[in-house]
1. Extent of the stretch 199-284 along each principal axis, from alpha carbon coordinates, in Å, largest to smallest?
2. Return the Cα extents of the stretch 30-89 along principal axes one, two and three, sorted largest first, each rounded to a whole Å.
3. Can you give the log10 of the normalised intensity I(q)/I(0) at q = 0.25 Å⁻¹, computed with Debye over equal Cα scatterers of the stretch 269-359?
4. Angle between the Cα long axis of helix 23-32 and the longest principal axis of the chain, 0 to 90 degrees, nearest 10?
5. Among 45, 20, what is the fewest-to-most ranking by other Cβ atoms within 10 Å?
6. Could you list 64, 90 in order of exposure, starting from the residue whose Cβ has the fewest other Cβ atoms within 10 Å?
7. With both bridge residues required to lie in the chain, what share of the DSSP beta bridges run antiparallel, to the nearest 5%?
8. What is the helix-to-structure angle for 343-352, meaning the angle in degrees between its Cα long axis and the longest Cα principal axis of the chain, kept from 0 to 90 and rounded to the nearest 10?
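Taken together, the values in this text are just the output of simple stated rules run on the coordinates, not laboratory data. Bear in mind the structure is a predicted one, so any value in this text is a computation, not a measurement. Don't worry about glycine lacking a Cβ; one is built from the backbone with ideal geometry, like all the others, and counts go over all protein chains shown.
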Ligand code: SF4
């Protein structure tokens, strides 16, 4: 279990090691590329910033070699914004004053059809953490309904049991997104003030439960800005390396969304653009075959740069509250969208950059 592995590392020591890296350490990391602790540390260090042009070039070549000039597109569909969690950084936090709603299956299908008409064929279904308001059986029905409309259905919802993931898989779900948010246990406990998400270890084990259930793809991530961002990415890399080695049948990818200044927190440690670029390059150099997802939290300008360097999957035309695509409901959003381009504008732009936007990248061999 990854929680056993991670308990052997001291956050403070890793931060100190990252900050004391030399240019020579970075050169050695770039030539060895072993998926080892010391390599991650060097590539994420302040000393590696000087090597960004070289890292970007190598990252871009590797991405092209393993993925071609293709970018997968998806859209999020919020089924509910009701949540019992008290996470300081989230727009759905239980204490906030906003309009709370859960779509009916008919409403969700209506929203889905509008998204499908825009050309999107891969959907990510989201809810808050409220099994009372959004019970598992309801989610299963929603997944089945979406499976009729989209080629790929993923979820980003409250953690479930291995058996429940298996049932969702049978209902047509093929992917799970689950972020640890921060691997720093102390900060984790302080920003997750109440609710089921407060249990650090329970959350850490979710990707393993989903992989054991046979989930085809799992996207893990950390929210940059809660803790030291370099150390955060180090632990994300360790988590990815662990999962990739243990569950070779599952395709793992990563995201590292940045906290927006809009969500005010006195503890905010915002990651600059240059570090976002460095993190994408470092990940690509270490994991050439793994996907990197970036959402519309980032601006169009940054997304266009990252696509050329290592990102392989992006959302497009996103709305981040339930009923916002077609129903005209003005409910609370989880975060603000910075890239507001429509799906057709994103497609046109990717094509102009020389990339093929992909809506569907797989078919089942056996049914
Ligand atoms: S991060 Fe998830 S659990 Fe926390 S408040 Fe937001 S929706 Fe709820």
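1. Sorted from largest, the Cα extents of the stretch 199-284 read 39, 31, 19 Å.
2. 49, 31, 21
3. The calculated log intensity ratios at q = 0.25 Å⁻¹ are -1.31.
4. 70
5. Sorted ascending by nearby Cβ count, the order is 20, 45.
6. Final ranking by Cβ density, sparse to dense: 64, 90.
7. That works out to approximately 5 percent antiparallel.
8. Approximately 30 degrees, to the nearest 10.
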